[in-house]
Ligand code: SF4
C-alpha cells in the first residue's frame, strides 16, 4: 500500500461486513439494463471492471422497485421476482473481486418517466416537475402503502440475489426525497408537515425492511444534506433525520445534495471544485455513530485521503472518477497516481447521456459500456503505425495502439500536443480539460511512442517510416458559410480568439450560439467586453448538457452577454451585421452597427489533406476524429480508441 494513502486503504466494518478500503463506487445510472430492467452482459461487465479495479464497496445504480417508478429507459429493475436470477449473477461477479455490494433502490416519484411507465407519476403532492413540467398525482394512503411494500420486496430480492445490503435512494428529488423535503411535500396528513411526518414514508420502509430481512443485512440511505433551494431540506433537519434512522436500524448514510432545479449540485459539473458536499457529510457525522459516506467530485487520492483525515466522512463515494478510470483504487494503492485517467467533470458522456435516455459513456474513457470489446489485448502482429495529428483522436489512437504492442510514431505540427483541447481549456472554468492532454501525453511518453512536435507531416516523412498503417487525425478548420463579408477585416474565428492570435475590440458579436460560441463569448465577456451572441435556433447552447448549461448561462448573464435567437446572419458590411429573424413574417432586415469584432463560431469542417495520396502507397489508411466527421472531444477520443482496437 502506498504510504500516503493509509486512511483510504484502511478497512471498515459496516453491519457485519468488512470493506477492504474506504472507496465506494457511487450508484451512477448507466441505462445498460434491458427495457424490462433485466441485468445484461454489458451491465455485468461494467460492474466487474470496477470491482476488479479495487473499490471496497460497489453501490449498484438506482433500481426501480415498482412499475410506477421507472425514470430511465435502460434502468435496472428489482420490481419482480423474475429479476432475481440476473441480480444474482451481478452480485456474484462483483463479490468475486473482493468488493462488497449494495443495490440502490429507487422510485422516480414526479421524475418517473410517463413515456415509459404509461402512467401519471406519483408524488407526495401534486407539484409539477421543473424538468418535465408534468404534474404528478398526489399519492393516496393505499398508494403509499403499495410503494412502501415495493421497496421492502425489492430489498428482499436483493438479499435473495446475494447483495450485502441495499441503499434507499432518498435524495435528488426522487420519491423518498420528495416526501422528506418541505419543498415538494405539502401534505396535510400523517405523511406531511412536521419533520416526523415527512420522514414517516422512509422510516416505514427502513423499519419494515429491517423486520423482514433481519439484522445481518446492510441498510443504507442516500440523503440530501441540502436541497439547495430556499424551502428545501437543510442540513439541520438532515442531521436529525440521520439520528432517527440510526435508531431505527440504518447501518450507513450517504450524504449528497441538490434537486432538479439545482442539477449542478446533484452532478457537480466542471467549474465546481472537488468535494462539494463534504461539509454536509461532516455535519451528519457529528450527529451519528454509524459510518457516513461523503460524495461530490472526489477526483484524486490525495484529496480523498485529506478528506478522511479531516473527518469529513468515513467512506468516500466516487462515481464519475471510476467511470473515467475503473482502476483508480488499484493505481492509488500502488502510488501510480499519474497513471489515473482523470474525470474532468464535463458530464458529456455520462450524465448527459443518462438524462437523454441513452446508454452512458465517458469522454476520456471510450471503454465505458464497451468493457469487453475494448479490453486491451496484445497484438500477435506488431505493426508500424504513423499517426498524423496530436489532438484527442490522434493521441488516443496512439496510446491504444502502443498499449497493444504496435510501434507508433506521432506527428504534430504545433509545438505542443492537444489540438482542439488546447483551445477548449481556454474559456473560464474549462482548465480541467488540460488534464486530458497531460494524462495522454504522460501515457504516450511512458509507452515510448515517438513524438515529433512542431513537425508538419508530409508524404515523404510518413513513407520514410515504412508504415503498415497511417492514422490521419488532422482535425477540422472553421467552416466558412456563404455569408457576404465573412472575409472582412473585423471577422475572426473562435479558434483565433481562443488561441490568442488575434486582437478583439470592445463590442463583439459572436455568430453561432453552440458550445463554442457560448464559451468564446464567456471568455471575451470575462475580459470586460460587450458581447452579443446571434443564434439561428430558438435557444442558444443546444449542444450543451443540462447541468453545464445552467451554470454557463448564469455566468453569461452575470457577465452581461446578450442573445439574439431565431436569427440568421445575412451579411456583414464593415462594422455592420445584417440579420433576419426567422420568426418575423415580413422578411424585415435588422442590423447591428458599430461592431468592433465579429467572431465566426458557425461550426467547423473536416480537414483531411492526405488520405487520398497515402491510400496509393500504404496498405491501411484510417481517417478519424474531426478529420472524418466534426464532433466533440468525446467523439474524437472514441474514434481514436475504435480504430486502434481494431488494428
Ligand atoms: Fe467524467 Fe466527463 Fe467521463 Fe463523465 S464523461 S465520467 S464527467 S470525464
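Coordinate-derived values only; no laboratory data. Every value quoted in this text rests on a predicted model; they were computed, and no experiment measured them. Ideal geometry is used to build each Cβ from the backbone, glycine not excepted, and the neighbour counts take in all protein chains shown.
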Query raised in the report: For segment 163-317, what does the alpha-carbon gyration tensor say about shape, rounded, prolate or oblate, given a ≥ b ≥ c as the root eigenvalues, a/c under 1.5 as rounded, and a/b over b/c as prolate?
Result: oblate
Requested in this report: Order these peptides, 489-495, 157-163, 558-564, by their mean beta-carbon neighbour count within 10 angstrom, highest first.
Outcome: 157-163, 489-495, 558-564
Report summary line: Share of Cα-Cα pairs in segment 368-512 beyond 20 Å, whole percent, is 57
Report summary line: Once residue 539 and residue 89 are pulled to full extension, the length gained, defined as 0.36 nm per residue separation minus their Cα-Cα distance, is 157.5 nm
Report summary line: For segment 395-447 (alpha-carbon point model, no solvent) the Debye-based log₁₀ I(q)/I(0) at q = 0.16, 0.32 Å⁻¹ works out to -0.50, -1.26
**Report entry** Taking the convex hull of Cα positions in the chain, its mean projected area over all directions (nm²)
**Finding:** 30.4
Query raised in the report: What order do you get for 388, 508 when you list them from fewest to most C-beta neighbours inside 10 Å?
Result: 508, 388
Query raised in the report: With each pseudo-label sitting 7 Å past Cα toward Cβ, what's the residue 384-residue 466 distance in nm, one decimal?
Result: 0.5
Query raised in the report: So, in Å, what gap is there between the alpha-carbon centers of segment 506-572 and segment 464-489?
Result: 25
Report summary line: residue 279 and residue 565 label points (each 7 Å along its Cα→Cβ direction) are spaced in nm at 3.3
Query raised in the report: In what sequence, highest mean first, do 598-611, 285-298 appear when ranked by Cβ atoms within 10 angstrom?
Result: 285-298, 598-611
Requested in this report: Counting other beta carbons within 10 Å of each Cβ, put 409, 168 in order, fewest first.
Outcome: 409, 168
Report task. For segment 1-61 and segment 597-647, compute the distance between their C-alpha centroids and round to whole Å. Result -> 36
Report summary line: Highest mean packing first, using Cβ neighbours within 10 angstrom, the peptides 109-116, 250-257 sort as 250-257, 109-116
Query raised in the report: Between residue 558 and residue 456, 0.36 nm times their residue separation minus their Cα-Cα distance comes to what?
Result: 32.5 nm
Report summary line: For the chain the mean separation of alpha carbon contacts under 8 Å (6+ apart) over residue count, i.e. relative contact order in percent, is 11
**Report entry** Efficiency of FRET between residue 302 and residue 582 - r from beta-carbon atoms, R0 41 angstrom, step 0.05
**Finding:** 0.20
Report task. Could you work out how far helix 633-645 tilts from the main Cα principal axis of the chain, as a 0 to 90 degree angle to the nearest 10? Result -> 90
Report task. Just the number, please: Stokes-Einstein D of segment 516-619 in µm²/s, Kirkwood Rh from C-alpha pairs, 20 °C, 1.002 mPa s. Result -> 134
Query - Residues residue 96 and residue 12, FRET efficiency given R0 of 25 Å [Cβ-Cβ distance, rounded to 0.05] - result: 0.75
Requested in this report: At 7 Å along the Cα-to-beta-carbon direction for both residue 372 and residue 629, put a label point, then send me their distance in nm to one decimal.
Outcome: 2.5
Query raised in the report: In what order do 339, 211, 173 fall by count of nearby beta-carbon atoms within 10 Å, going from fewest to most?
Result: 211, 339, 173
Report summary line: The rounded separation in angstrom of the Cα centers of segment 191-268 and segment 300-345 is 26
Query raised in the report: Relative to the longest principal Cα axis of the chain, at what angle does helix 41-52 sit, 0 to 90 degrees, rounded to 10?
Result: 80
Query raised in the report: Is it possible to state the helix-based mean residue ellipticity at 222 nm for the chain, with each DSSP H run of 4+ residues giving -39500 (n - 2.57), the sum divided by total residues, to the nearest 500 deg cm²/dmol? What is it?
Result: -9000 deg cm²/dmol
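Need one number: % antiparallel among DSSP beta bridges in the chain, to the nearest 5.
Counting only bridges with both partners in the chain, antiparallel ones make up about 20 percent.
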Query raised in the report: Given a Förster radius of 35 Å and the C-beta distance between residue 590 and residue 503 as r, what FRET efficiency does 1/(1 + (r/R0)^6) yield to the nearest 0.05?
Result: 0.80
Requested in this report: Please give the contour-minus-distance gain from residue 477 to residue 336: 0.36 nm per residue of separation, less the Cα-Cα distance, rounded to one decimal in nm.
Outcome: 47.0 nm
